1. Would a scan of region B:697-705 turn up a residue that is at pLDDT 95 or above and more than 14 Å from every other protein chain (Cβ to nearest Cβ)?
2. Looking at A:S355, is it open to solvent by less than 50 Å² (accessible area, probe 1.4 Å), touching a strand residue (DSSP E or B) at 6+ places or on another chain (Cβ under 8 Å) and in a strand (DSSP E or B)?
3. Just to be sure before I move on: is A:I240 assigned to a loop (DSSP other than H, G, I, E, B) and either buried (at least 19 other Cβ atoms within 10 Å of the Cβ) or among the β-branched types (V, I, T) (or both) in the structure I sent?
4. Only one of (1) outside any loop (DSSP other than H, G, I, E, B); (2) out of contact with any helix residue (DSSP H, G or I) (no Cβ under 7 Å at 6 or more places or on another chain) is not met by B:Y316, so which one is it?
5. What residue, of B:E483, B:E473, B:E453, is modelled with pLDDT of 95 or more and among the charged types (D, E, K, R)?
6. Out of curiosity, is B:P530 touching a helix residue (DSSP H, G or I) at 6+ places or on another chain (Cβ under 6 Å), at pLDDT below 95 and open to solvent by 40 Å² or more (accessible area, probe 1.4 Å)?
7. Out of all the residues in region A:364-376, which are of a type in the set (A, V, I, L, M, F, W, C) and at pLDDT below 95?
8. Confirm whether B:T556 is under 30 Å from the mean Cα position of the chain (by Cα), closer than 24 Å to B:E628 by Cβ and within 14 Å of chain A (Cβ to nearest Cβ).
Amino acid sequence: MSSLVAIAGDDNVIVDALIDSYVIEERNGVPVAVRNVEKIFYNAQRYDDKAVSIIGYGGSISIDKVSAPGAKPVYRQWIDSDVFYKDSRICFVELPVKQGKTVKVEFHRTFKKPEQFCKITMASLYYVRNYTVEVSVPAMLVSRIKVSPYNLASNVALTYETDDKGTKTYRVSISDFRPLKNEDLAPALSVAAPALLVTGILDGLDGVYDFLKGYVPDKPIDISVKEMAEEITTGIYNDIDKAEAIASWVRQNIRYVAIEHGEWAYRPDNAENTLAKRYGDCKCSANLIKAMLCSVGIDGRFCWIGTAHTVPHDWKEVPALCSGNHCIAAAIIGDSIIYLDGTVKYCPSAYLPPSIQGRPVIIENNDNYIYATVPRLEASSSKIRHETSLLLDTDRRVITGRVSETVNGLDYVQLLQHYYSLGINFRLAFLEKFISDGNRSVSVTDASLVHGSDTAVVTAEVENRAAVTGTDNVLYVEFSPVRQSEFKLIDLGMRRLPLASTPPFCREGLASLSIPEGWEPEDLPLRFDIDNEWFSIKVNYEYDSDRRIVMAYSSFENKGAPCSLDRIDIYNKAVKDFNRIVGTWLSVRKSEK
Amino acid sequence: MKRKCIFLFALLAAFIVANADELSKQRKIAAKVWEMEPAIFDSKVTVPDILLQNNSAVIIALMVDIEGSIEKFSTPYSRDGLGNSNCCVEISRTMVMILDDKAQEYYTDFEYGELYRKVHGVRLTEVNSEFGARVIKPDGSVVDVDLATALKVGHGKKGNKNESRRIAIPGLEIGDILDYYYMTTIEREEADIPVRNILLGRQYPIMNFVLNGRFDPQLTVEVKARNGASIPVRGRDNAIDRNTIKLTANSIPAIDNDRYSNVSRTCPSIDISILNNVSVNVRHLPTARVPGVHTAVPFGIICRDIASVVSNFNIYEKATGEALNMVKGYMKKHPELTDRQVVDIAWVALCYWLALDKKISADDIVAGCLFMDLVRKLKLFDDNDMGLAFYKSRFDKPFDEVSRWTELDYGTLVGDTVYTLSSVLNFAPGEWSGSYQGEKGAVLKGKRSMLDENFIPELFTLPKLRATANSIEHEATAMIVSEDETISIDCYMKVNGAPKAAYGMFTNQHEWLVEVENLFDIPANKRHKPKSNSDEKRKGFIDNMVIEEAEWAVGTRPKSVESYEILSRGVMPGSKAFELKSKCTLDGLVAERGSAMFVSVGHMFYNTLRINGDARYRTTAAWLKYPENIKYRLTLNIPVGYRIEEDALKSLSNNILTKVGQFYTTARLNEDGNSIVIDMIKRINIPTIPSKNWEDFLKIEDAAAAFNETVIPLTRI
């Protein structure tokens, strides 16, 4: 519901005041609509310029009036690259602003389905001197509708006043509102931006459930769905395996095509339609999985969830539609709930995508619902085991050998998704880049990928021309059992946002380097053992018995923890320590005899 | 209330009827299309294994069917009360076998519907497209795609402007055959249809191709075949009173579409130009061809068109007069100028006035004509030594294979130099961007107003520069700051020839005009004034460009840029080079380990991407922009307390010399032992690398990419 997005990024144009007012209307104690008026007062500080405003509408939100002296509003359908079709529209105004003169844009909108009015995000790309949001709740609804702050700074308070008629107006004002921009590794703006949350239009979590459940098709299972489910599960006698097989088939065969206009934003297509069309979005695949499960005698359920990193709210704390943005299915087998996300094409069995791990979920349960939390998986569920067997060629000053990467969990999902999204002619190059880890001096040959349903193995021969440097008598060999590119330094210069949490993962490394006759390894690199809030890493080097082979072992765990803004300097120091380990040089000296 | 309900019901009924009509029309079109060319649209055909194994999809059949017609209509805007409308209906039908995820994703969704509708003056142009599709399953069953499930995309407040439809193909699986078509209708009142360019190649191999054309005998249709495509066979179908063309081809390989391919010069293609030469309400060239189908119109005919156009040009000539006064004033102050220098000066003077004169919107042909007139007034060159030149970029169709005179690029040839408007902001007068260097062109010489009587062109070749003339030279001095393991680098860069195009963004029109005013020493009160005072915005833009430039040239994105200065823009006569000086800080290139400090010096020498995978195996020529020479000298100061063994510099030596160029690096310790000097030269001598020499090119690129990862050890004293 962020209503203002301004395009110009410099600070010549500023907003003197932005007043965003919402009035909830009721009939017989039932909220029926929300009227919104947004007034923006622009100013150009140093030279004549243009200010651009965009406001969203469409679907159940109408745009009733736009006032922008000297500018003609342009109305467009919003085309989203991720969503095949939705009815969102935008109104775009490019307003000439004279230096030193204030000009005003005013938008009037109506939310005809008040249940969709649940979050007012405060956002602007221009600097705003005074940013005010007001929400007026009529007397009849005061006891039901609550407005609460989200992510407001400690010096900003949400206040309210009640007029003679009992209308309660909530207000928050922020002075010197500085625009948030996308920053490296920062939380999504939907998480980072301050907002007001409006709850109670739907009556608590029960009301939310009733609303959502009302859209889930409730008709007998079609024969086509049943036949397909039976075909998929033929020869499988264990319910858990059956559920996994059905989910896997849906992931592999139902293309993700999102259609979200009108009630289709909430209503999944019937299972038989999704099956016939072979496409659908998250709710369609969830509904198909549920129907297929039920048709083979498994208790399949439909679930609503808010994905990690995009939805910061919990259904119970914020019982409103803004707490969810995704649908999955669940199989209830004995005491277990098996969560099945139909949208992750190469999801290994029993693996949960990080977007749903640890997230609160509503599971349908006839007239009631089950409130639960999707389990979190250990970091070890996503792992790359990196094995290299290398030979130092002192004459050519190169290292050569064989590399093998065994990939599981999220890395498996990403590897295969990327690999198969490429045309046949581009897949080899992708594997070579994966093996070389972006190092341009590594020439890769004979790269291949072999994978099963939950593990992929990439192998190749490598030659690294820049890994050996030094003199005629002493050579330095870049030799590390740790893959690069796990972390990068964060520029603190203009930084305003913390680091978001990331999905945890593990790496294991086992590397060997054979030293040719006539050369002796000098002291081995130090053993590293670092454990901090973001990662832990252990690296150990040792010789074989006759000191001809140097072995290196590493184990690394990214804990996925977030980092507050004031601790990013400590994070950067940790990254430098990490990079020090990755860039390890082993010295080898020519034998004197 | 009742009346309102009746009205709504009527509206709904009307909508349903209209929608049903539309669907019924679509079904009729589809039925007709599915019956076309049944011999090649055979879903049961056996696709060879070699195609199945090496492609994401195979196009079993591709048909392009064009019908050109012309109709009269009543209009108040013509003398005889009649106008005519030129209509082209083009059906492009594809039958494709889907073999993997990539192809399934590519053929998942389609958009069609109203594309364009605009009235130019009183004349309407309308373009819209219909679509149809069906999925053929491996068992042979056919499922028609129901267009009723298509979703409307519309703009405007009510969503009814520029409407189109989006549809996701239901039921499409790997192994299926998708049979789909677009039917595009273009209607232009009194005007020509834009040239239809039909590529015979696609991103997937084509087993069978057919082109059919049927044209009203009143239309003039000109057909060109290029890059090895056969000329379509002309014919006549008296039953429908149409002139016809037909072309068939089979086993067309997939086209390379990577960074080194050049579809315009390599992929067989057919141009069809449908001309409304019978309209009496618009002016035609006297050279316009008569109705009928003309295959392989000789280039000389196009030259006659050009001669006819420019000899009859009536151009607002204020800019020429102003420029002439400026040049004469300059010549008085600089009597030592050679004729060539005067012409260069005249060119920038003319462009200056063209930029300032709001009454004229000059394109390259207008500027070319005006410059012919200006040079003639200067009486420095004989009429036979100058003329209107035309040519094309090497990434476009060859100049003598265009379908219409409007497809060419224009300039003015004076003596041996060609001047063109399109390179003004990037190059000095007479210099050329890389994609034109060495390209052939033609020139119509003589007095402009007489050209229609002397339309025999002379051929010429635009200057073909050696790699060393398209050069980028860097001289950088780097200092290691041990305390924070950063490197401070001072860099001077000089760019000559074609690579200057990459620095075009450093000079905008306002800055170019200021350069001209400085050159002519125009008093402050007579100088142009930019519309808005946005120097600050411009500076922000240039700041960002400098960072991008440093990232490209130094190879590593700078942590910060401390200062920079543009020493020369290289766009004025006598100022050939673009020169930039900058100072920035690099992070992450220095690592102290034990008793050694490792410096990633390779990261300071551009950023060469390694060519990976199948791209290493090439069967067609690689088209580069231009031959190029890059020289880089880096002086790295060794921090106090460290030294480097001379033999440690060995790893910095490369000398890869192949038939296509050279990659050379060397390093030496300065006599004082306090700094290392590293020299790099990367030179590619030829702009088009034959496939047999691809390996030679790879050797250079591989060496340059590997050099980027080179590290040197400094040891603690």
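The values are calculated or read from the model by the stated rules, or taken from the named source; none is laboratory data. What you are looking at is a predicted structure, and each value in this text was computed from that prediction instead of being measured. Using ideal geometry, Cβ is built from the backbone for each residue, glycine included, and neighbour counts are taken over all protein chains shown. Please note that ligands, DNA and RNA were not included when accessible areas were found on the heavy atoms of the full protein model with its side chains. Shrake-Rupley method; radii C 1.70, N 1.55, O 1.52, S 1.80 Å.
1. yes
2. Numbers: open to solvent by less than 50 Å² (accessible area, probe 1.4 Å): yes; touching a strand residue (DSSP E or B) at 6+ places or on another chain (Cβ under 8 Å): yes; in a strand (DSSP E or B): no.
When the stated conditions are applied, A:S355 does not pass them.
3. Values: assigned to a loop (DSSP other than H, G, I, E, B): no; either buried (at least 19 other Cβ atoms within 10 Å of the Cβ) or among the β-branched types (V, I, T) (or both): yes.
No: the conditions fail for A:I240.
4. Against the list (1) outside any loop (DSSP other than H, G, I, E, B); (2) out of contact with any helix residue (DSSP H, G or I) (no Cβ under 7 Å at 6 or more places or on another chain), B:Y316 comes up short only on (1).
5. Selected residue: B:E473, the only one of B:E483, B:E473, B:E453 that is modelled with pLDDT of 95 or more and among the charged types (D, E, K, R).
6. Judged against the criteria, B:P530 is a match.
7. First pass over region A:364-376, keeping only residues of a type in the set (A, V, I, L, M, F, W, C): A:370, A:372, A:374.
Correct list: empty.
8. Values: under 30 Å from the mean Cα position of the chain (by Cα): yes; closer than 24 Å to B:E628 by Cβ: yes; within 14 Å of chain A (Cβ to nearest Cβ): yes.
Criteria met by B:T556.
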